[in-house]
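**Q** Could you have a look at this structure, given as structure tokens, before my questions?
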Amino acid sequence: MILGERDPEVKAGVQGVDMSGQTVLVTGSTNGLGRQAAMAIGRLGADVVVHGRDRTAGESAVRELADLGSDAQFVSADYASVEDVREMADDVRESVDEIDVLCNNAGGLFDDNETTELGLGKHFHINHLSPYLLTTELLDTLAPEARIVTTSSIGHRVSSLNLDALIEPGPFSEWAAYCRSKLANIHFSNELARRLAAAGSDVTSNSFHPGIIPGSEFSRALPGPIQQFGDLLGEVPLTDSPEDGAATMTYLAASDSVDGVTGEYFARCRQRRPAPDARDETAQRDLWKRSADLLDIQEPLAEYA
Ligand SMILES: NC(=O)c1ccc[n+]([C@@H]2O[C@H](COP(=O)([O-])OP(=O)(O)OC[C@H]3O[C@@H](n4cnc5c(N)ncnc54)[C@H](OP(=O)(O)O)[C@@H]3O)[C@@H](O)[C@H]2O)c1
């Protein structure tokens, strides 16, 4: 297979890694950078579970992966629905023996922050609460040294910490609600890492910023001035593309250099320091507990808080 220098696995320097025998679930892989990462991971030999709402796009991704030799399948769930996410977890448990890598990537910047069935802002529910639910539902299905990789955003840096603000649907702008949900992604990823380590588990959990990708669905929803800046960036060579955006996810899924690394934040395939608010362990613990309350479930890994 001839790879180009922009292919995510080449950019991530993992094109020589053999992932055959591994099962990787990439949420939000019907489109965008999730789809690009799913293809890269499929080219590395893994069996890929594709997720999204769009069945046509999901089945097309599965066909493309099958042509690469991946034993791929599609699972559908709307992340605005608790029931859908639970059913998705059931479907995954029934169809795979173990998950080696879980990429929590589904989500985005939406042009409204409507209230979901739980009375929560859409950004908080789709971008944070549903990956929290899916991950905790699948904890028992993870391989002993599985990796959990969560797509956050540089947007977390312009967000401040206020648990009520993370949860209430308004009066925040969509952009502000999005950035708070991406701060929640880092809190979730770090709290999960700490609890797993305390439980003596070798499963790792890391988060990352994929880059700002001109022309992506995400960038089309950005506020006007930021969008224009993004469009300008798109005209400059070497700025991020969906393939570039998939590189760090592919790196965290496949690279030997992150073996055993947990509770860290990455960008451009390198470990970075997230914003100070994203390093607040009390806030991470509070968010973890509050998320369980909102879902009306027992706090996962409560004994390792
Ligand atoms: N693009 C950027 O510049 C950028 C920058 C920073 C962070 N990110 C993050 O990167 C991730 C992927 O973004 P992208 O740019 O690749 O977006 P995208 O092209 O819009 O793809 C989003 C993916 O998420 C799925 N999704 C969206 N809403 C969903 C819902 N309610 N239920 C289930 N699945 C849903 C979509 O699947 P269906 O349409 O099939 O449901 C699709 O596969 C997001 O978490 C985003 O916050 C993106």
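The values are calculated or read from the model by the stated rules, or taken from the named source; none is laboratory data. Since we're looking at a predicted model, the values are computed, not measured. Here Cβ is always computed from backbone atoms with ideal geometry, including for glycine, and neighbour counts include all displayed protein chains. Please note that ligands, DNA and RNA were not included when accessible areas were found on the heavy atoms of the full protein model with its side chains. Shrake-Rupley method; radii C 1.70, N 1.55, O 1.52, S 1.80 Å.
**Q** Being surrounded by fewer than 18 Cβ atoms within 10 Å (Cβ to Cβ) and farther than 24 Å from I213 by Cα is true for just one of D54, D18, D47, D78. Which residue is that? Please lay out each step first, then the result.
**A** Details: D54 fails: farther than 24 Å from I213 by Cα; D47 fails: surrounded by fewer than 18 Cβ atoms within 10 Å (Cβ to Cβ); D78 fails: farther than 24 Å from I213 by Cα.
Only one candidate qualifies: D18.
**Q** I'd like to check something: does region 85-97 contain any residue that is open to solvent by 10 Å² or more (accessible area, probe 1.4 Å), in contact with a Leu (Cβ under 9 Å, 6 or more places away or on another chain) and without any contact (Cβ under 8 Å) to a residue 60 or more places away in the chain?
**A** The initial filter retains those residues of region 85-97 that are open to solvent by 10 Å² or more (accessible area, probe 1.4 Å), namely 86-87, 90-91, 93-97.
Now restrict to residues that are in contact with a Leu (Cβ under 9 Å, 6 or more places away or on another chain): 86, 93, 96.
Still in the running and without any contact (Cβ under 8 Å) to a residue 60 or more places away in the chain: 86, 93.
Yes, because at least one residue in region 85-97 is open to solvent by 10 Å² or more (accessible area, probe 1.4 Å), in contact with a Leu (Cβ under 9 Å, 6 or more places away or on another chain) and without any contact (Cβ under 8 Å) to a residue 60 or more places away in the chain.
Condition check ((1) within 14 Å of the ligand (Cβ to nearest atom); (2) under 16 Å from the mean Cα position of the chain (by Cα); (3) of a type in the set (A, V, I, L, M, F, W, C); (4) under 24 Å from N190 (Cβ atoms)) across all residues:
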{"site": "R53", "(1), (2), (3), (4)": "yes, yes, no, no"}
{"site": "A61", "(1), (2), (3), (4)": "yes, no, yes, no"}
{"site": "S81", "(1), (2), (3), (4)": "yes, no, no, no"}
{"site": "V85", "(1), (2), (3), (4)": "yes, yes, yes, yes"}
{"site": "I99", "(1), (2), (3), (4)": "no, yes, yes, yes"}
{"site": "I126", "(1), (2), (3), (4)": "yes, yes, yes, yes"}
{"site": "S130", "(1), (2), (3), (4)": "yes, yes, no, yes"}
{"site": "T136", "(1), (2), (3), (4)": "no, yes, no, yes"}
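**Q** Answer yes or no: is there a residue in region 152-172 that is assigned to a loop (DSSP other than H, G, I, E, B) and aromatic (F, W, Y).
**A** Yes: region 152-172 contains one or more residues that are assigned to a loop (DSSP other than H, G, I, E, B) and aromatic (F, W, Y).
**Q** Right, something else. Collect the residues in region 104-124 that are in a strand (DSSP E or B), more than 10 Å from the ligand (Cβ to nearest atom) and touching a helix residue (DSSP H, G or I) at 6+ places or on another chain (Cβ under 6 Å), keeping them in residue-number order.
**A** Result: G121, single match.
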